[in-house]
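A quick write-up on the structure given underneath.
The values are calculated or read from the model by the stated rules, or taken from the named source; none is laboratory data. Small disclaimer: the values here were computed from a predicted structure and weren't measured. Please note: Cβ atoms are built from the backbone with ideal geometry, for glycine as well, and neighbour counts cover all protein chains shown.
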Amino acid sequence: MPEIIYQFYGGVHPPQAKISSQDAIVSAPLLERYVIPLQMHIGAPARLLVQKGNKVLRGQMLADASAFVSAPIHAPTSGLIKEVTTCLGVLGTQLPAVILESDGEDTPAEPLAPIPNWQDSAPADLLRRIGDAGIVGMGGAAFPTVIKLSPPPEKKIDTLIINGVECEPCLTADHRLMLESPDKIIAGMQICARILGVKRILLGIEKNKSDAVDLMRNKTQDTSIQVCALDVRYPQGAEKQLIYTLTKRKVPTGGLPMDIGCVVQNVASVYAIAEAVIDGTPLYQRITTVTGTPLQSPGNWRFRVGTPYAEAIRLAGGVTEDPVKIISGGPMMGVAVYSLDIPITKNTSGILLMSGAEVSQYQSKSCIRCGRCNDTCPMQLMPGILSVQIENESFDLAESWHVMDCMECGCCSYICPAGRPLVQHMRRAKADVTALHQAAKAAKAAKEAREAKEAAKEAKNSPASAPGKK
Amino acid sequence: MSENEIRMPDTSRLIVSSSPHFHTTDSVSKIMLWVIAALLPVTAVSVWHYGLPALEVIFFCTAGCVAVEVLCARLMRRPIEINDGSALVTGLLLGLNLPPGTPIWICLVGALLAIGLGKMVFGGIGCNPFNPAIVGRVGLLIAFPQTMNTWMTGPDAYTTATPLKMLSDAHLAGQEGATNAMSEMLSQVSYGDWLLLNQHGGSIGEISALALILGGILLIALNIIRWQIPFFYILTVAVFTGLAWLSDSSLYAPPQYHLLSGGLLLGAFFMATDMVTSPVSRTGAIVFAIGCGIITCVIRLWGSYPEGVSFAILIMNALTPLIDRMTAGKPFGAPKKKGLKL
């Protein structure tokens, strides 16, 4: 089948700054202490299975996914549960967490049974394994993978898309993973395809990773996997934009990829799936890029979850100058953090340090209506007009101008010559509109309850009014 | 390297802000500087041709606009934002829209109208509904019609009859007079000279069509203005006047006459493209430009004013919010037929 690539609307070309792309992945040495949050995924925190003072082994389940949308958490090494407490998360909130003190032995627990002949296994067994191994979307959103891979039967899935785009500047973790473990990634894709029962598998990689494109093409020659080299344009790796680029299908607003027959998985996630299925290894480590000009020796490491950012920076040789910003993730959508006590979780794709010269600080000015945000918004919104509405707190107006479709990719803020904090405005409006809707829903429910109660009371007080019914 | 040599970051002064953490190096002042750069060729040609009378007008309009903005900002107790360069652009455009030799005090009144009434009363940059330079020009046109309609054709040579004025007078003279005037007028015109150096009289900025086009192309190449506005504006005028000419060439001038005369090129490349007062989307820009073209032609062919560019742009400025609403696209993936709140 010929490779047809469609062009998504908008996008920007920020500096690539992928300085770590030639640095091979190094396994981080064992630490004395890990801080393991019980919520590394979208959904409810996992339910704790261990207590303070328990001895645990590497890969042992520490918390399970009994809640509706959740994912289990496994011990990154063997040792003692020192404390059940809370820890600082990326978003600045306190998360329930356990402190694991390593015993230095790194003794593995009884592994999940490896399924080397997964080609013959039932999809349900493979799915159960993915759930038990605690796999979540490792590209950033951290949505439990098992849910993504079990669409309701009325949604017919015909295309599996693997996201190897890594369009965020600076990050190189997925790139290195594709170069160093192509076979595992291919196996992971095929496992996903078997679970979903799809034949068409598309792997999208940006052209700036031509070595990865060549290698994956080489390795997938005898398979049904199609490797697609994509133009370098942020946000090529955004789910809706990637689907459109590869299939020309548009995810409906407010809908999901499965509504148009697609499931998207990140390369790091499919790698983790292959490890869980073939080797029986649950997800307790990941590849993270630790990069930025202030670092002594930036690179890509395989960290165990629960590694504090400080240890990651220490591994990268510390700094040669004080950074002005430290970002969890990439520079376009990552979150600026203020503490290095935050632990690496299942979705920490990168830790980026920015120097004073790289951090632009500017005064926000009035919108001059240049329209560049319009030209770059991949969701085809009008960020400039929205931001003025939001400054005026006209949230209902902003909603009718589709603010809820904003995916916060950051193109508009990046391009704005007036330095307006457009994404921040969108976030504010989205939070406010959501709150308004919830309040309206609650008010409606309360009103209905009250009316039902009054009707019941009335019926009770005046039985004579309806004598004929007896 | 030993363990104790590792320097860890100082986290006490980290900046925490909303993503994205990269930002373009472009800024409002850079955009304005490019607009000024694009206006330099025509400014240079006019000063070279007219000499001091043009230089004076341009200087006092520009200085006047900056001074009025500073004054207004002071009175309004708002930060002075002349560094963004937008007052300079307004002043330069106002100067280029006046006849060479306009008295200095009229230039200063124009600056007051442009920045004071056209921009600062609405709250400064980004808030004005009308193009400030055009507000200034139209204000002067109404207040001082005599001055605003006396043109230099060269050093010490004056005329009150620009090509468009002659055309307008010819129309008013009725069928026979028009036919005579038209043929005489067209016989005087050399389009090549006109393109390079306008000898027929006009505003300072109408001196050289070529210099205007060069500047416009620079702005389009830099993606500072939307190419749709000059393209569809000029195209509309060409088609409209072309049809009129085809219908009766004894009464109507040929389209190339209309394209080169008056402020069409200056308006299409530099005035209608003002970002603040034109629609945000590219579809909206097309609607806006076609509207400008039609109104310009209607005024030129049938109105009592010889020139319609300023009025056309002002009227379309007023319609810009409406155009914005009507041309706002659907988000990616939205179902068809989902209108906006009007």
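Does any residue of segment B:265-280 turn out to be more than 13 Å from the chain's Cα centre (by Cα) and among the acidic types (Asp, Glu)? First the steps, then the outcome.
Filtering segment B:265-280 down to residues more than 13 Å from the chain's Cα centre (by Cα) leaves B:279-280.
Add one more test, that the residue is among the acidic types (Asp, Glu), and what stays is none.
No: zero hits.
Here is a list: B:44, B:73. Which entry is within 30 Å of residue B:202 (Cβ to Cβ) and either away from every other protein chain (no Cβ under 14 Å) or surrounded by fewer than 22 Cβ atoms within 10 Å (Cβ to Cβ) (or both)? Give the derivation first.
Values: B:73 fails: within 30 Å of residue B:202 (Cβ to Cβ).
Step by step, each of B:44, B:73 is checked, and only B:44 is within 30 Å of residue B:202 (Cβ to Cβ) and either away from every other protein chain (no Cβ under 14 Å) or surrounded by fewer than 22 Cβ atoms within 10 Å (Cβ to Cβ) (or both).
Output the number of residues of segment B:257-286 satisfying the condition of being over 29 Å from residue B:27 (Cβ atoms) and either among the aromatic types (Phe, Trp, Tyr) or at pLDDT 95 or above (or both).
Of all residues in segment B:257-286, those over 29 Å from residue B:27 (Cβ atoms) come to B:257-264.
Retained after the next criterion (residues that are either among the aromatic types (Phe, Trp, Tyr) or at pLDDT 95 or above (or both)): B:257.
The qualifying residues number 1.
Hey, can you tell me all the residues within segment A:317-343 that are buried (at least 24 other Cβ atoms within 10 Å of the Cβ) and either facing chain B (nearest Cβ under 7 Å) or closer than 19 Å to residue A:32 by Cβ (or both)?
Selection gives A:323, A:326, A:327, A:331, A:332, A:334, A:342, A:343.
Looking only at segment A:17-30, how many residues end up being surrounded by 15 or more Cβ atoms within 10 Å (Cβ to Cβ), in a loop (DSSP other than H, G, I, E, B) and on the phi < 0 side of the Ramachandran plot?
7
Do we find a residue being more than 9 Å from chain B (Cβ to nearest Cβ), of a type in the set (A, V, I, L, M, F, W, C) and part of a loop (DSSP other than H, G, I, E, B) anywhere in segment A:360-379?
Checked against the condition, which is being more than 9 Å from chain B (Cβ to nearest Cβ), of a type in the set (A, V, I, L, M, F, W, C) and part of a loop (DSSP other than H, G, I, E, B), segment A:360-379 yields no hits at all.
So that you can scan it fast, the table gives a plain yes or no per residue for (1) among the hydrophobic types (A, V, I, L, M, F, W, C); (2) touching a residue at least 12 places away in the same chain (Cβ under 8 Å); (3) in contact with a strand residue (DSSP E or B) (Cβ under 6 Å, 6 or more places away or on another chain); (4) within 10 Å of chain B (Cβ to nearest Cβ):
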{"position": "A:408", "(1), (2), (3), (4)": "no, yes, no, yes"}
{"position": "A:412", "(1), (2), (3), (4)": "yes, yes, no, yes"}
{"position": "A:428", "(1), (2), (3), (4)": "no, yes, no, yes"}
{"position": "A:440", "(1), (2), (3), (4)": "yes, no, no, no"}
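Of these, A:100, A:80, A:127, A:112, which one is over 22 Å from the mean Cα position of the chain (by Cα), under 26 Å from residue A:190 (Cα atoms) and either touching a residue at least 24 places away in the same chain (Cβ under 8 Å) or outside any loop (DSSP other than H, G, I, E, B) (or both)? Please lay out each step first, then the result.
Working: A:100 fails: under 26 Å from residue A:190 (Cα atoms); A:80 fails: under 26 Å from residue A:190 (Cα atoms); A:127 fails: over 22 Å from the mean Cα position of the chain (by Cα).
Among A:100, A:80, A:127, A:112, only A:112 is over 22 Å from the mean Cα position of the chain (by Cα), under 26 Å from residue A:190 (Cα atoms) and either touching a residue at least 24 places away in the same chain (Cβ under 8 Å) or outside any loop (DSSP other than H, G, I, E, B) (or both).
Out of A:109, A:97, report the one residue that is at pLDDT below 90 and in contact with a Leu (Cβ under 7 Å, 6 or more places away or on another chain).
Details: A:97 fails: at pLDDT below 90.
Sole residue among the options that is at pLDDT below 90 and in contact with a Leu (Cβ under 7 Å, 6 or more places away or on another chain): A:109.
Would you pick out the residues in segment B:240-250 that are crowded, with 16+ Cβ neighbours inside 10 Å and in contact (Cβ under 8 Å) with a residue 40 or more places away in the chain?
Within segment B:240-250, B:240, B:241, B:244 qualify.
Could you list all residues from segment B:204-255 that are closer than 30 Å to residue B:184 by Cβ, assigned to a loop (DSSP other than H, G, I, E, B) and in contact with a Phe, Trp or Tyr (Cβ under 8 Å, 6 or more places away or on another chain)? It would help to see each step written out before you state the result.
From segment B:204-255, those closer than 30 Å to residue B:184 by Cβ are B:204-213, B:233-255; that's our starting set.
Subsequent filtering for residues that are assigned to a loop (DSSP other than H, G, I, E, B) retains B:207-208, B:248-254.
Correct list: B:207, B:252, B:253, B:254.
State all residues of segment B:100-114 that are surrounded by fewer than 24 Cβ atoms within 10 Å (Cβ to Cβ) and either in contact (Cβ under 8 Å) with a residue 40 or more places away in the chain or among the small types (Gly, Ala, Ser) (or both); if no residue qualifies, say none.
Once the filter is applied, which keeps residues that are surrounded by fewer than 24 Cβ atoms within 10 Å (Cβ to Cβ) and either in contact (Cβ under 8 Å) with a residue 40 or more places away in the chain or among the small types (Gly, Ala, Ser) (or both), segment B:100-114 yields B:101, B:103, B:104, B:106, B:108, B:112.
I'm trying to understand the selection: among the residues of segment B:216-231, which are buried (at least 16 other Cβ atoms within 10 Å of the Cβ), within 14 Å of chain A (Cβ to nearest Cβ) and not hydrophobic (A, V, I, L, M, F, W, C)?
Across segment B:216-231, the qualifying residues are B:226, B:228.
Restricting to segment B:51-70, what's the tally of residues that are more than 21 Å from residue B:127 (Cα to Cα) and either crowded, with 22+ Cβ neighbours inside 10 Å or not assigned by TED's automatic domain parsing to the domain that holds residue B:140 (or both)? Reasoning before the result, please.
Step one: filter segment B:51-70 for residues more than 21 Å from residue B:127 (Cα to Cα), giving B:51-61, B:63.
Going one step further and asking which of them are either crowded, with 22+ Cβ neighbours inside 10 Å or not assigned by TED's automatic domain parsing to the domain that holds residue B:140 (or both), we end up with B:54, B:57-58, B:60-61.
Total meeting the criteria: 5.
Do you know which residues across segment A:261-283 are assigned to a helix (DSSP H, G or I) and farther than 29 Å from residue A:413 by Cβ? Step through it out loud before you land on a result.
So in segment A:261-283, the residues assigned to a helix (DSSP H, G or I) come out as A:267-279.
Answer for segment A:261-283, where residues must be assigned to a helix (DSSP H, G or I) and farther than 29 Å from residue A:413 by Cβ: A:270, A:271, A:272, A:273, A:274, A:275, A:276, A:277, A:278, A:279.
Can you tell me how many residues in segment A:295-308 are crowded, with 24+ Cβ neighbours inside 10 Å and facing chain B (nearest Cβ under 10 Å)?
Result for segment A:295-308: 1.
On the basis of being in the same structural domain as residue A:290 (by TED's automatic domain parsing), outside any helix (DSSP H, G or I) and under 19 Å from the mean Cα position of the chain (by Cα), does residue A:185 make the cut? Talk me through it step by step, then tell me what you get.
Details: in the same structural domain as residue A:290 (by TED's automatic domain parsing): yes; outside any helix (DSSP H, G or I): no; under 19 Å from the mean Cα position of the chain (by Cα): yes.
No; evaluated as a whole, the condition is false for this residue.
Could you list, in sequence order, all residues of segment A:31-49 that are surrounded by fewer than 18 Cβ atoms within 10 Å (Cβ to Cβ) and within 26 Å of residue A:178 (Cα to Cα)?
A:42
Against the definition (farther than 22 Å from residue B:22 by Cα and either in a loop (DSSP other than H, G, I, E, B) or within 8 Å of another protein chain (Cβ to nearest Cβ) (or both)), how does residue A:346 come out, yes or no? Working first, answer last.
Numbers: farther than 22 Å from residue B:22 by Cα: yes; either in a loop (DSSP other than H, G, I, E, B) or within 8 Å of another protein chain (Cβ to nearest Cβ) (or both): yes.
Yes; evaluated as a whole, the condition is true for this residue.
Residue by residue, here is whether (1) modelled with pLDDT of 95 or more; (2) assigned to a loop (DSSP other than H, G, I, E, B); (3) in the same structural domain as residue A:245 (by TED's automatic domain parsing) holds:
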| site | (1), (2), (3) |
| --- | --- |
| A:3 | no, yes, yes |
| A:7 | no, yes, yes |
| A:62 | no, no, no |
| A:67 | no, yes, no |
| A:70 | no, yes, no |
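Please determine whether any residue of segment B:267-286 is touching a residue at least 12 places away in the same chain (Cβ under 8 Å) and closer than 21 Å to residue B:190 by Cβ.
No - not one qualifying residue is present in segment B:267-286.
Among helices (runs of 4 or more DSSP H) lying entirely in segment A:387-470, which contain 3 or more residues that are surrounded by fewer than 17 Cβ atoms within 10 Å (Cβ to Cβ)? First the steps, then the outcome.
Working: elements: A:395-400, A:411-415, A:422-461.
Qualifying helices (runs of 4 or more DSSP H): A:422-461.
Could you check segment B:5-28 and list, in sequence order, the residues that are under 28 Å from residue B:126 (Cα atoms) and crowded, with 17+ Cβ neighbours inside 10 Å? Spell out the reasoning first.
If we filter segment B:5-28 for residues that are under 28 Å from residue B:126 (Cα atoms), which is where we start, we get B:17-28.
B:18, B:19, B:20, B:21, B:22, B:23, B:24, B:26, B:27, B:28, listed by residue number.
Only one residue in B:79, B:103 is more than 30 Å from residue A:234 (Cα to Cα) and either of a type in the set (S, T, N, Q) or more than 14 Å from every other protein chain (Cβ to nearest Cβ) (or both). Which one? Lay out the reasoning, then the answer.
Numbers: B:79 fails: either of a type in the set (S, T, N, Q) or more than 14 Å from every other protein chain (Cβ to nearest Cβ) (or both).
Answer to the selection: B:103.
Quick check on my filter: what residues within segment A:235-259 are in contact with a strand residue (DSSP E or B) (Cβ under 9 Å, 6 or more places away or on another chain), aliphatic (A, V, I, L, M) and assigned to a helix (DSSP H, G or I)?
A:242, A:243, A:246
So, in segment B:284-324, exactly how many residues are surrounded by fewer than 17 Cβ atoms within 10 Å (Cβ to Cβ) and either among the small types (Gly, Ala, Ser) or within 14 Å of chain A (Cβ to nearest Cβ) (or both)?
Residues in segment B:284-324 being surrounded by fewer than 17 Cβ atoms within 10 Å (Cβ to Cβ) and either among the small types (Gly, Ala, Ser) or within 14 Å of chain A (Cβ to nearest Cβ) (or both): 5 in total.
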